[in-house]
1. Tell me whether the range 31-146 comes out rounded, prolate or oblate; compute the Cα gyration tensor, take square roots of the eigenvalues as a ≥ b ≥ c, and use a/c under 1.5 as the rounded threshold.
2. Residue-wise, which Karplus ³J(HN,Hα) couplings in Hz belong to the range 135-148, taking 6.51 cos²θ - 1.76 cosθ + 1.60, θ = phi - 60°, and x for glycine or proline?
3. Based on the Cβ-Cβ distance of VAL80 and VAL48, what FRET efficiency does E = 1/(1 + (r/R0)^6) give at R0 = 25 Å, to the nearest 0.05?
4. Taking the range 64-115, which trypsin sites (Lys or Arg not before Pro) meet the DSSP loop condition and have no more than 14 other C-beta atoms within 10 Å?
5. Under a plain spin-label model, where a point goes 7 Å from the Cα along Cα-to-Cβ, how far apart in nm are LEU132 and LYS68?
Amino acid sequence: MKKVTFLILGLTLITILISASTTDQQEKNTLKGVWELQDQYMYKNNMVVDTIENYKNSRQVKMYTNNKVMWTRYNPKDSVEWFGYGNYIVKDGTLEERLEYGSFQMMKIIDTTKVFRFNLEMTKSTFSQIALDEQGNKYYSENYTRVD
């Protein structure tokens, strides 16, 4: 009887430890927080062929809560304002953003594109949202680092 009790307690403890470890990993790799664009990649045949660094003094920041996203871009050489706000979901390595409203220029895009869908690659401190063409090939990515 003691062996069975110890076996059950041992299995319960192992289950709790595995569950806590999985939860910790999921919490580490979450979009929730503030992110700043570092650079962008252009792809050909799914390989990076060009890296576009941010312009001097320009910034693009994305903020994610549990299910909301907001982003803004500032470029001192561009008089056009850029920002957007909406909902997002991450599922099976895909980031899907559904923007509700944005700046004047962004609203023109939102009126024709309701869902922005990307492949998502992330670590605890970085993420890349990768656009795919109709054949599923990578052609463009935005690469972010965690600010907060």
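No lab work stands behind these numbers, since they all come straight from the coordinates. None of these values were measured; they are calculated from a predicted model. Cβ coordinates were reconstructed from backbone atoms using ideal geometry, including for glycine residues, and neighbour counts include every protein chain displayed.
1. Rounded, because the longest to shortest axis ratio a/c is under 1.5.
2. 8, x, 8, 5, 10, 6, 9, 10, 10, 10, 10, 6, 9, 8
3. 0.35
4. Here the trypsin sites (Lys or Arg not before Pro) that fit, given the DSSP loop and packing criteria, are LYS77, LYS114.
5. 3.0 nm
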